[in-house]
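Worksheet: one structure, shown below.
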Amino acid sequence: MTDHVQPHTHDNSDTAERPLWPAILKGFRRKCPNCGSGPILKGYLKLRDSCTVCREDLSHARADDGPAYLTILIVGHIMAPSLHVAFTTFRPEPLVLFTIFAIGCVALSLYLLPRLKGAIVGFQWARRMHGFSKKT
């Protein structure tokens, strides 16, 4: 007896399974968690009301302060040990050290913030949170 495996199709019904990690990765790339093609942001952090490709309703998403907290957590865990290693190993002038790490913190924060917002929206979509379970 052979098992027949059905190919995965994009089904927007309430019973369709929504894989978590692909949705989070699509969101991190700032793409629609449903189709992976359309952009979910229409500005730096402004979320679109719906996907321009698959018309998935994104107006339900509520990322709130989550992206900011995650950004602070990640940047802090990367930059604090790096600061310690740089200071103890190279002993640069304090102003040089401050300048390099201030620019690094700001650049990393600006890079991560919209991507983490997209990842949170992808998580909410996959878990059917905040109205994503309603059939459109």
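Here, each number is a calculation from the coordinates, and none is a lab measurement. These figures come from a predicted structure and were not determined experimentally. Don't worry about glycine lacking a Cβ; one is built from the backbone with ideal geometry, like all the others, and counts go over all protein chains shown.
Ranked for footprinting exposure by Cβ neighbours inside 10 Å, fewest first, F98, F90, F132, F28 give F90, F98, F28, F132.
Taking the number of Cβ atoms within 10 Å of each Cβ as an exposure proxy, the fewest-first ranking of V121, V106 is V106, V121.
Considering only G27, G38, G122, the mean-square fluctuation computed in a Gaussian network model of the chain, springs between alpha carbons under 10 angstrom, is largest for G38. Model label sites at K42 and W21, defined 7 Å from Cα along the beta-carbon direction, differ in position by 3.4 nm. If you run the Gaussian network model on the chain, springs between alpha carbon atoms under 10 Å, then out of D65, D57, D49 the most flexible one is D65. Among the lysines of the chain, pairs that are 8 or more positions apart or on different chains and have alpha carbons within less than 23 Å of each other number 14.
Between P19, P92, P114, the residue with the greatest mean-square fluctuation in the GNM of the chain (Cα pairs under 10 Å linked by springs) is P92. Secondary-structure-derived ellipticity at 222 nm for the chain, considering helices only, amounts to -17000 deg cm²/dmol, per-run term -39500 (n - 2.57) for DSSP H runs with n ≥ 4.
Helices of the chain meeting both criteria, an alpha-carbon length of 30 angstrom or more along the long axis and an average Kyte-Doolittle score not below -1.0, with helices taken as full DSSP H segments, are 66-90, 94-126.
Are there trypsin sites (Lys or Arg not before Pro) in region 56-136 that DSSP puts in a loop and that have at most 16 other Cβ atoms within 10 Å, and which ones? In loop regions of region 56-136 (DSSP not H, G, I, E or B), the sparsely surrounded trypsin sites (Lys or Arg not before Pro) are R62, R127, R128, K134, K135.
Rounded to the nearest 20, the size of the Cβ-charge dipole of the chain about its Cα centre is 280 debye, with Lys and Arg at +1 and Asp and Glu at -1.
Ordering L25, L73, A86 by the projection of their Cα atoms onto the charge dipole of region 20-126, which places +1 on the Cβ of Lys and Arg and -1 on the Cβ of Asp and Glu, puts L25 at the extreme positive end.
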